[in-house]
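A.B. asks: Below you will find the structure I want to go over with you.
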Amino acid sequence: MRACGVCRTDLHIVEGELPPRRRAVVPGHQIVGEVVEGATALLPVGTRVGVSWIGGVDGTCWYCSHGAENLCDAPTFTGYSIDGGYAEYVLARSDFVFPLPSALDDLHTAPLLCAGIIGFRSLRVAGVQAKERVGLFGFGASAHLALPVLQAWDCSVYVSTRGAAHRALASSLGATWVGTEREKPPVPLDRAITFAPSGDVVLAALASLRKGGVVAVNAIHLDRMPEFDYDTLLWGERQIRSVTNMTRADANDFLRIAAEIRLVPEVTVFPLVRANEALLTLKNDAISGAAVIAP
Ligand SMILES: [Zn+2]
Ligand SMILES: [Zn+2]
């Protein structure tokens, strides 16, 4: 392991908001590593590779055979159903590691491997087209990587988030509009992506859409989904869609785009022995950009 990003899902796992899959597990699923054993013809010893949340699929279920391996009936999740990257060494399936572009160093590549890929998948699930108005609700690790991709597609980006540090980061990255979680974007949005584990935020995003607009919910866990008024919020062919896991195609497509647009994440680095502190800082919304653990 050369670097491992810290994801909100890690927090949900260690705090028990996701049901435990085993008695004990090493979290971490945004791993930059180097092949030291089990080399293959495509992945010789020394190859720099990434390991992400999707640690494996069965390859045989209906979803796997219909191009939707993110929905596999029997998936393996890195740092959840198998041990992950808060460690010196990690075991990974050779067909679920991604050779990494050399443009970015280890610490700045790690946050791309879940936050980046899932953020990118969220844009796909929301159906973002070039030049659209897109809302990002919550502005942590994933959203701050989605913003430059949207800018590369000539979209205008509206960021609504609590926390002055998050708003400052959004402004510095050139968001079209930045407001608090209680402020509504000044124009109706074509698409919105929510990044906070909060049902209230999903409703705020829904209330910001034009007719026919889509909210993609980028959260593996929500506190709750509040009751809401169908007539004013969903009628008019608005849609709410969840974003679930990722495919290897999402990973490879995103890593290619990230290299093309020279995407450089904002990172805060913690040594491996301070992994708990990294998780606590994330929990307190006190990280600007992404937390990364280094050995
Ligand atoms: Zn993650
Ligand atoms: Zn499957």
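The values are calculated or read from the model by the stated rules, or taken from the named source; none is laboratory data. The model shown is predicted, which means the values in this text are computed figures rather than measured ones. Methodologically, a virtual Cβ is constructed for each residue, glycine included, from the backbone with ideal geometry; neighbour enumeration extends over all protein chains shown. When the accessible area is computed, the model is the full protein with side chains, heavy atoms only, and any ligands, DNA or RNA have been set aside. Shrake-Rupley method; radii C 1.70, N 1.55, O 1.52, S 1.80 Å.
A.B. asks: For residues that are under 21 Å from CYS114 (Cβ atoms) and of a type outside the set (Val, Ile, Thr), scanning just region 68-77, find the one that is nearest to ligand 2 (Cβ to nearest atom).
C.D. replies: Only one residue tops the list, namely CYS72.
A.B. asks: Another question, if that's okay. With respect to the numbered conditions (1) part of a strand (DSSP E or B); (2) in contact with a Ser or Thr (Cβ under 7 Å, 6 or more places away or on another chain), which one is the sole condition not fulfilled by ASP190?
C.D. replies: Evaluating ASP190 over (1) part of a strand (DSSP E or B); (2) in contact with a Ser or Thr (Cβ under 7 Å, 6 or more places away or on another chain) leaves (2) as the failure.
A.B. asks: Give the residue, chosen from ALA192, ALA204, ALA196, that is in contact (Cβ under 8 Å) with a residue 60 or more places away in the chain and closer than 26 Å to PHE254 by Cα. Quick ask: steps written out before the conclusion?
C.D. replies: Working: ALA204 fails: closer than 26 Å to PHE254 by Cα; ALA196 fails: in contact (Cβ under 8 Å) with a residue 60 or more places away in the chain.
Among ALA192, ALA204, ALA196, only ALA192 is in contact (Cβ under 8 Å) with a residue 60 or more places away in the chain and closer than 26 Å to PHE254 by Cα.
Let's see how each residue does on (1) part of a helix (DSSP H, G or I); (2) surrounded by fewer than 19 Cβ atoms within 10 Å (Cβ to Cβ):
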residue	(1), (2)
ALA87	no, no
LEU91	no, yes
ASP95	yes, yes
ALA110	yes, no
GLY119	yes, no
LEU136	no, no
SER142	yes, no
ALA146	yes, no
LEU150	yes, no
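A.B. asks: Which pairs have Cβ atoms under 8 Å, sit 6 or more apart or on different chains, and link a residue in region 28-54 that is among the basic types (Lys, Arg) to one that is more than 16 Å from ligand 2 (Cβ to nearest atom)?
C.D. replies: ARG48/ARG2; ARG48/VAL32; ARG48/GLY33; ARG48/GLU34; ARG48/PRO99; ARG48/LEU100; ARG48/SER102; ARG48/ASP106
A.B. asks: Return a yes/no flag: does region 54-64 have any residue that is more than 10 Å from ligand 2 (Cβ to nearest atom) and open to solvent by less than 70 Å² (accessible area, probe 1.4 Å).
C.D. replies: yes
A.B. asks: Name the pairs whose Cβ atoms lie under 6 Å apart, with the first residue in region 64-81 and closer than 14 Å to ILE220 by Cβ, the second open to solvent by less than 30 Å² (accessible area, probe 1.4 Å) and within 10 Å of ligand 2 (Cβ to nearest atom), and 6 or more positions between them or separate chains?
C.D. replies: Between residues of region 64-81 that are closer than 14 Å to ILE220 by Cβ and residues that are open to solvent by less than 30 Å² (accessible area, probe 1.4 Å) and within 10 Å of ligand 2 (Cβ to nearest atom), the close pairs are PRO75/VAL57.
A.B. asks: How many residues does region 221-253 hold that are open to solvent by less than 50 Å² (accessible area, probe 1.4 Å), hydrophobic (A, V, I, L, M, F, W, C) and more than 30 Å from GLY16 (Cα to Cα)?
C.D. replies: Within region 221-253, residues that are open to solvent by less than 50 Å² (accessible area, probe 1.4 Å), hydrophobic (A, V, I, L, M, F, W, C) and more than 30 Å from GLY16 (Cα to Cα) number 2.
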